[in-house]
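Asker: I'd like to ask some things about the structure below.
The values are calculated or read from the model by the stated rules, or taken from the named source; none is laboratory data. The model shown is predicted, which means the values in this text are computed figures rather than measured ones. Backbone-built Cβ (ideal geometry, glycine too); neighbour counts: all protein chains shown.
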Amino acid sequence: MTRVTSADQRIPLVASLETLHGVRRDDEVVITTMGSAREWMRFGEPHPLDIVLVPSSMGHGTSLGLGLALARPDRRIIVCTGDGSLLMNLGSLVSIVAASVPNLVVIVFDNGVYEVTGQQPTAGGAGARDGARPVDYAGIARAAGFDRVFECGDVAQWRRSARAMLDGAGPTFIALDVEPVPGATAPHSPGRAADRARRFMDAFAAR
């Protein structure tokens, strides 16, 4: 496990996604959910290999990513999930390791709250645990069997290291400590699901 953070550091969510958007390669699939989907859609015209899971997709990103990684082992699949979403599907981490998918990257954006529904503390966040330590998602990933596990709460380090963390044979797990976005709302669909699905399938099937 590689740790590049300290307890008092957190990355602004938008900055963390801007970094990923900037280093993302043209043949990589990026799956975003909830808060990450909301901010990702603000970067402009979606890439053909973008999947924006809205509005009712909490917990589904990692399982969808696993299926796509198995279907196209020649493509890197990057899943952006929140800590609240990951809590709804922790078992998917074990399934990912069992499937041995070297092309899958899971990035958890951990802000300790259910941001899009009113900033209620998650069961894993410090705000809901009466003095107990917040959940160590990187530790859970390590225990599930991920060999490539990274933690980061420093924006400068994330910018320097993001591409190196994404590269390499996985499956890979990246835990980012991010700041909640004050007053954030739920994401809205960027268009008809059927049209978006057709566009993605065409791009995903291309060689």
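Asker: Output the number of residues of the stretch 70-90 satisfying the condition of being in a helix (DSSP H, G or I), within 14 Å of Y137 (Cβ to Cβ) and out of contact with any strand residue (DSSP E or B) (no Cβ under 8 Å at 6 or more places or on another chain).
Answerer: Total satisfying the criteria: 1.
Asker: Please enumerate the residues belonging to the stretch 8-50 that are among the small types (G, A, S) and in contact (Cβ under 8 Å) with a residue 12 or more places away in the chain.
Answerer: A15, S16, G35, S36, A37
Asker: If I filter the stretch 185-203 for residues that are in contact with a Leu (Cβ under 6 Å, 6 or more places away or on another chain) and modelled with pLDDT of 95 or more, do I get at least one hit?
Answerer: Looking through the stretch 185-203, none of the residues is in contact with a Leu (Cβ under 6 Å, 6 or more places away or on another chain) and modelled with pLDDT of 95 or more.
Asker: I would also like to ask the following. Output the residues belonging to the stretch 53-69 that are modelled with pLDDT under 85 and crowded, with 18+ Cβ neighbours inside 10 Å.
Answerer: Step one: of the stretch 53-69, the residues modelled with pLDDT under 85 are 53-59.
Those that are modelled with pLDDT under 85 and crowded, with 18+ Cβ neighbours inside 10 Å: L53, V54, S57, M58, G59.
Asker: Among the residues of the stretch 91-110 satisfying the criterion of being farther than 21 Å from T122 by Cα, among the small types (G, A, S) and in a helix (DSSP H, G or I), which is nearest to the chain's Cα centre (by Cα)?
Answerer: S95
Asker: Considering only residues that are among the hydrophobic types (A, V, I, L, M, F, W, C), at pLDDT 90 or above and crowded, with 17+ Cβ neighbours inside 10 Å, which ones fall in the stretch 108-145?
Answerer: Across the stretch 108-145, the qualifying residues are V108, F109, A138, I140, A141, A144.
Table: residues versus (1) among the small types (G, A, S); (2) over 18 Å from the mean Cα position of the chain (by Cα).
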position: A132; (1), (2): yes, yes
position: D147; (1), (2): no, no
position: F150; (1), (2): no, no
position: G153; (1), (2): yes, no
position: Q157; (1), (2): no, no
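Asker: Going through the stretch 16-69 one residue at a time, which ones are of a type in the set (D, E) and in a loop (DSSP other than H, G, I, E, B)? Talk me through it step by step, then tell me what you get.
Answerer: Filtering the stretch 16-69 down to residues of a type in the set (D, E) leaves 18, 26-28, 39, 45, 50.
Result: D26, D27, E28, E45.
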